[in-house]
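Single-structure report; data block below.
The values are calculated or read from the model by the stated rules, or taken from the named source; none is laboratory data. No experiment lies behind these values; they were computed from the predicted model shown. Cβ sites come from the backbone with ideal geometry, for glycine too, and all protein chains shown count toward neighbours.
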Amino acid sequence: MVRIKRKKVELRFKGIPVSPGIFIGRVIFFLTPRIDIRPRKIRIEDIEQEVARFMRARQSYISELERMKSSFQGGLISLIDTQIAMLRDGTFEREVLSLIRNQQRPAEYAIDRAIQNLTRSLRTSDSEYMRERANEMERLAHDLIRKMGDLEPTAPRAAHIRNKVVLAYDLSIQDTLNLIKKGAKGFAVAFGGITSHAAIIIRNYKLPAVFGLGEEFVQALQNNEIIEGDRIIVDGSKGHVVVNPKKNTVEQYKRLLEEHKRAQKELLQLVDKPTVTEDGIRFAVNGNIDLSDELQLVMEFGGHGIGLFRTEFLFQDYGQNEDGQTRVYRNIARHIYPGHLVIRLFDLGADKLIGTMKPETALGMRGIRALLLEDSQKTLRTQVRAILRANRRGNIKLMVPMISTIEEIIAVKEIVQDEFKELRKRYRRIQFPEFGVMVETPSA
């Protein structure tokens, strides 16, 4: 038998840069089996058995996630807590059980249909974060289904993964952590974005990664245009992936890699230098963050404080959870002290703050205007209380988004003062925060 040598062609893909850096290595696959769920019916006498299957599988998955917590550090533990909260969500459970009992559907179909119903409004959101939360919920549901049907991907041995670039359709938290522990050095993933939990973990480990490579990338994988062992370049800074690069492409990226390393080395030498102007005026260098886990990077590169904490990413996980928000704010304020932490109130549209409001009705309603609506003031007061409770050291400042009128400023200050007065009865150490606004609208 004559083996025909495969002609290697340079393939280029563009995706979302989710973790900066460049790595040149070899391909290893981690391809999750596609789930084919058909709407069949089960027998009436099998309904309670199917309910029990779902409950056992869910509890087993929760126990697995609880055990995984020991593998995480700092804020990454909150990612596990978020997934556990999703699995325990009462609405999700009721939806699944209703589909099993009332429509005689198997557990796998019920899980998939329930998550589609629950994420429908998130998928139509104009917020990338909200859309990614929908993807995260679907990812978790499909992981649960795979565990029920023994459809989990077979992970390559550690020796095969070490110093390789992982190519995947999608990645769960567990998959990502296991692959990193086994020595993966880069990631090229068909789906997901910068706020996906897998991307957050990869960023935390400072490994280059590109997500959202799309259907063209999927087709290349399915058509065997890419095979294991192919040479690959992952540019996590610009979102480029090159498979079977030409010699001049490799040389170009090697030069970029050297320039990047040299620039990083020069910048790192400035980390501990005093920030003083030539005429002797000291100033602070602060970093802006969207996720609490990014605090580590700000501190590592010499940041004195957090110039702006955009809290929208907290909304889905902790929107009505005062204790959860308090823990996040307090942890950041403690680690950045004596530097300041500027927390911006949720800058979201009214249709996200008030689940019953349609997007077309909510046009023009965002930022503080949306938060001051009667139906969303509970969310505002919850966040204000969490910020106040976290401000034990007096280094937290409160920022109000999308101010249009002086009346809005007065209304928010009154709410903050009311909540502070009540909280001081129980928390004597808390301090009133400095108060600021973002002037972003023409009317302001």
> Is at least one residue of the range 329-338 modelled with pLDDT under 90 and assigned to a helix (DSSP H, G or I)?
Replying inline: no
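Give the range 195-254 a look and list any residue that's of a type in the set (Val, Ile, Thr) and surrounded by fewer than 19 Cβ atoms within 10 Å (Cβ to Cβ), or say none.
As a first pass, look at the range 195-254 and keep what is of a type in the set (Val, Ile, Thr): 195, 200-202, 210, 218, 226-227, 232-234, 241-243, 249-250.
Within the range 195-254, VAL218, ILE227, THR249, VAL250 meet the criteria.
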By residue number, the members of the range 388-432 that are within 16 Å of HIS340 (Cβ to Cβ), touching a residue at least 60 places away in the same chain (Cβ under 8 Å) and not polar (S, T, N, Q) are ALA390, ARG392, ARG393, ILE396, MET399
(1) of a type outside the set (Phe, Trp, Tyr); (2) part of a helix (DSSP H, G or I); (3) more than 12 Å from ARG344 (Cα to Cα) all hold for GLN383 apart from (3)
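I'd like the full set of residues that are among the β-branched types (Val, Ile, Thr) and under 30 Å from LEU345 (Cβ atoms), limited to the range 266-290. First the steps, then the outcome.
As a first pass, look at the range 266-290 and keep what is among the β-branched types (Val, Ile, Thr): 271, 275-277, 281, 285, 289.
Result: THR275, VAL285, ILE289.
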Those residues of the range 244-293 that are farther than 30 Å from GLY229 by Cα and either touching a residue at least 60 places away in the same chain (Cβ under 8 Å) or in contact with an Asp or Glu (Cβ under 6 Å, 6 or more places away or on another chain) (or both) come to a total of 4
Reported set for the range 384-407 where residues are of a type in the set (S, T, N, Q) and at pLDDT below 90 is SER404, THR405
Of (1) in contact with a Gly (Cβ under 7 Å, 6 or more places away or on another chain); (2) under 18 Å from LEU11 (Cβ atoms), GLY192 fails just (2)
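I need the full set of residues from the range 83-132 which are basic (Lys, Arg), over 25 Å from ALA198 (Cα atoms) and part of a helix (DSSP H, G or I), in order please. Break it down into steps so the answer makes sense when it comes.
Here is the first cut: in the range 83-132, the residues basic (Lys, Arg) are 88, 94, 101, 105, 113, 120, 123, 131.
Next, from what is left, pick out any that are over 25 Å from ALA198 (Cα atoms): 94, 101, 105.
If the condition is that a residue be basic (Lys, Arg), over 25 Å from ALA198 (Cα atoms) and part of a helix (DSSP H, G or I), then ARG94, ARG101 are the ones that fit.
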Here the residues within the range 177-194 that are surrounded by 23 or more Cβ atoms within 10 Å (Cβ to Cβ) and farther than 17 Å from ILE16 by Cα are LEU179, ALA184
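Hey, among the residues in the range 363-383 that are under 23 Å from the mean Cα position of the chain (by Cα) and of a type in the set (Val, Ile, Thr), which one's modelled with the highest pLDDT?
First pass over the range 363-383, keeping only residues under 23 Å from the mean Cα position of the chain (by Cα): 366-367, 379-380, 382-383.
Next, only the ones that are of a type in the set (Val, Ile, Thr) stay: 379, 382.
Values: THR379: 89, THR382: 94.
The qualifying residue modelled with the highest pLDDT is THR382.
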